[in-house]
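Working notes, beginning with the structure itself.
What follows draws every value from the coordinates through simple rules; no lab data is involved. Values in this document were obtained by computation on a predicted structure and should not be read as measured data. Please note: Cβ atoms are built from the backbone with ideal geometry, for glycine as well, and neighbour counts cover all protein chains shown.
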Amino acid sequence: MIDFYYWTTPNGHKVTLFLEEAGLEYRIQSVNISKGEQFDPEYLKFAPNNRIPAIMDHAPTDGGSAIGMFESGAILLYLADKTGQFIPQDLRGRNECLQWLFWQMGGLGPIAGQNHHFVQYAPVQLPYAVERYVKETSRLYGVLNKHLSDGRDFICGAYSIADMACYPWVVPHEKQRQDMAQFPALAAWFERIKNRPATQKAYAIAKTVNTALAVDETTKAILIGQDATQVR
């Protein structure tokens, strides 16, 4: 059994995609980040960055005590190694997959996240910041579109954790001011993943976990502008 500490963000969706694809037994422990539940001392014991997602695997492959994991990319890799699924098993394929996983973690996710912040949530619109992050998001979409333009169905050929990591950050492309018509190979990839039964189930689960998707001023105060005082 895996306890999955989840809220309905792109990083949270990554793990739901894997769990549903792999058919692993899990139970959702919702962490409502709009209410500050990510700062619960018990949660911080295994998720010290006060973010979601996190997991607690009560049946690790070494047969030892439960293993807690934080950071979505690390969780995907852990689950892939645990199950032997959704990551190539040969040296070259595995390392190609890891490169694209790290590309998402270091590029697409952070840049799209800043795009969301300055386009949607900043109290004052800053044209320089908006242009910077919208353009860089476009560049990253272009990188992935070019990679997919060789006829492959998924990032590493077969569906993998690289796709699971990237897909949730492309879902809000309209909010990121990206026109998918400019990225035909990426758009086709997006539709292939969108139509997978596990993807549809994962996003249906999200709607049952978070029924109030609006972000109000109270929520913003909790989510934005944290400093070191929150982790002391």
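Identify which of the listed values of P(r) over Cα pairs in 10 Å bins from 0, in percent was calculated from the structure shown: (i) 7, 31, 37, 21, 4, 0; (ii) 8, 33, 34, 19, 6, 0; (iii) 7, 30, 30, 21, 10, 1, 0. Recomputing P(r) over Cα pairs in 10 Å bins from 0, in percent here picks out (i).
Computed across the range 41-100, the Kirkwood hydrodynamic radius from all distinct Cα-Cα pairs reaches 12.7 Å.
Answer with one residue from THR83, GLY12, GLY142: the one whose Cα lies farthest towards the positive end of the charge dipole of the chain, charges on Cβ with Lys, Arg +1 and Asp, Glu -1. Final value for the positive-end residue is GLY142. Legend: calculated FRET efficiency, ALA122 to ILE205, from the Cβ-Cβ distance at R0 = 41 Å, rounded to 0.05, equals 0.85.
Quickly estimate the mean residue ellipticity at 222 nm for the chain, helices only: each DSSP H run with n ≥ 4 gives -39500 (n - 2.57), and the total goes over all residues, rounded to 500. Show your work: numbers first, answer last.
Details: 10 runs with 113 residues, N = 232.
Computed ellipticity for the chain at 222 nm equals -15000 deg cm²/dmol.
When the label point is put 7 Å from the Cα of ASP90 along its Cα-to-beta-carbon vector, which residues of the range 121-158 have a backbone N closer than 19 Å? Zone members listed by number: 150-158.
Across all Cα atoms of the range 1-99, the radius of gyration (one decimal) and Dmax (whole number) stand at 13.7, 44 Å.
With the cut-off at 1.5 for a/c, could you classify the range 91-195 from its C-alpha gyration tensor as rounded, prolate or oblate? Provide the component values of the computation, followed by the final result.
Numbers: a/c = 2.33, a/b = 1.78, b/c = 1.31.
Prolate shape, in that a/c is at least 1.5 and a/b is the bigger ratio.
For LYS207, a cut-off of 16 angstrom between C-alpha atoms picks up these aspartates and glutamates, skipping any fewer than 8 places away in its own chain: GLU20. With θ taken as phi - 60° and the Karplus curve 6.51 cos²θ - 1.76 cosθ + 1.60 applied, the whole-hertz 3J(HN,Hα) list for the range 167-179 is 3, x, 7, 9, 3, x, 4, 5, 5, 7, 6, 10, 9 Hz, x standing for glycine and proline. The aspartates and glutamates whose alpha-carbon is closer than 18 Å to the alpha-carbon of LYS175, local same-chain residues fewer than 8 away aside, are GLU131, GLU136, GLU191, ASP216. With contacts taken as Cα pairs under 8 Å and at least 6 residues apart, the chain reaches a relative contact order of 25 percent.
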